[in-house]
Amino acid sequence: MAESKNKGKTGKTGKSSDQDRLIDAALALAAEMPWQQISLSQIARQADLPIGVALLSLPSRVHILRALIDRVDSVVFGSLADDPLDGTTKDKLFDVLMRRFDALADHRIALTSIARALRRDPLSAACLGGRVLKSMALSLQAADVSAEGCTGALKAKALGVIQLNAFRVWLNDEDPGLAATMKALDRGLSQAEKFATRRQPVSADIPKTA
C-alpha cells in the first residue's frame, strides 16, 4: 500500500485574504454548532468583517465551501512543485488524494458538522458536486491520467466516489497515521484498477497501474 508523503506540509502561508478569513470563521463556528444553524452574518462577525464585504466576497455557505475546495486544491497542487508524485498511477492517485486529507487535518470536527448537514440538504450538496468533480479531474491530470471528454468525466465521477467513501472513514479515523482512511482509499483505487483492467482494451485510457 502506498503512503501519504505530505503529512504536515499543508499549512497556510502569506497574509489572509477576506475569503480566507470567512472560510476560517465558518470552520471555527462549524466546530462549535450545527452547520445548518450558522448564518452569513454570524460568519462575518466571527471573521471581523462587515457583512457587505462578506456578501461581495462569499455570499453564502455554499460559496464558502466552494472556496474551501479551491483552497485545498491550491495547497495540494501547489505542493507538487517541491514534492512531485511518483510511482504507479494508483500510487500517484493515492498520494494526491491523501494530500487533501492532510490539508483538512485541522478541521475534522467542523467538517463532520458540515457533512452531517449536507446529508440532510441534497440541494446544497448537489451545488457542490460540480466543484468536487473539477478537483477530481485535476487530481487525475496530476497523476498523468487524461480527464478530457465523456470518458474523463466518468473517471472523475468514479474517483469522486472513491474519495467520498474515504472521506466518510476519515471523519472518524482517530489514528494519527490514518490507517483506516488509507485502507479505504487503497481498496477503492484497487477496485477501480481491477475494473479498468477488465475493460481493456476498449477503454485503454482508464486509470490503471503503470
For the range 57-87, which positions are assigned to a loop (DSSP other than H, G, I, E, B) and surrounded by fewer than 16 Cβ atoms within 10 Å (Cβ to Cβ)? 59, 60, 80, 81, 82, 83, 84, 86, 87
Filter result (within 25 Å of residue 160 (Cβ to Cβ) and among the basic types (Lys, Arg)) within the range 18-73: 61, 66, 71
For residues that are surrounded by 13 or more Cβ atoms within 10 Å (Cβ to Cβ) and either of a type in the set (S, T, N, Q) or assigned to a helix (DSSP H, G or I) (or both), tally how many sit in the range 169-183. 6
Looking at the range 142-157, which of its residues are under 15 Å from the mean Cα position of the chain (by Cα) and surrounded by fewer than 19 Cβ atoms within 10 Å (Cβ to Cβ)? 157
Which numbered condition trips up residue 149, out of (1) touching a Phe, Trp or Tyr at 6+ places or on another chain (Cβ under 9 Å); (2) on the phi > 0 side of the Ramachandran plot; (3) among the small types (Gly, Ala, Ser)? (1)
Looking at 109, 69, which one is over 16 Å from residue 158 (Cα atoms) and touching a Lys or Arg at 6+ places or on another chain (Cβ under 9 Å)? 69
Looking for whichever is touching a Ser or Thr at 6+ places or on another chain (Cβ under 7 Å), more than 30 Å from residue 193 (Cβ to Cβ), surrounded by 20 or more Cβ atoms within 10 Å (Cβ to Cβ) and not charged (D, E, K, R) here; the options are 47, 30, 103, 54. Which one fits? 30
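Only the coordinates and a few stated rules stand behind these numbers; no lab work does. The structure displayed is predicted, hence computed values, not measured ones. Heads up, the Cβs are rebuilt from the backbone with ideal geometry, glycines too, and the neighbour counts pull from every protein chain shown.
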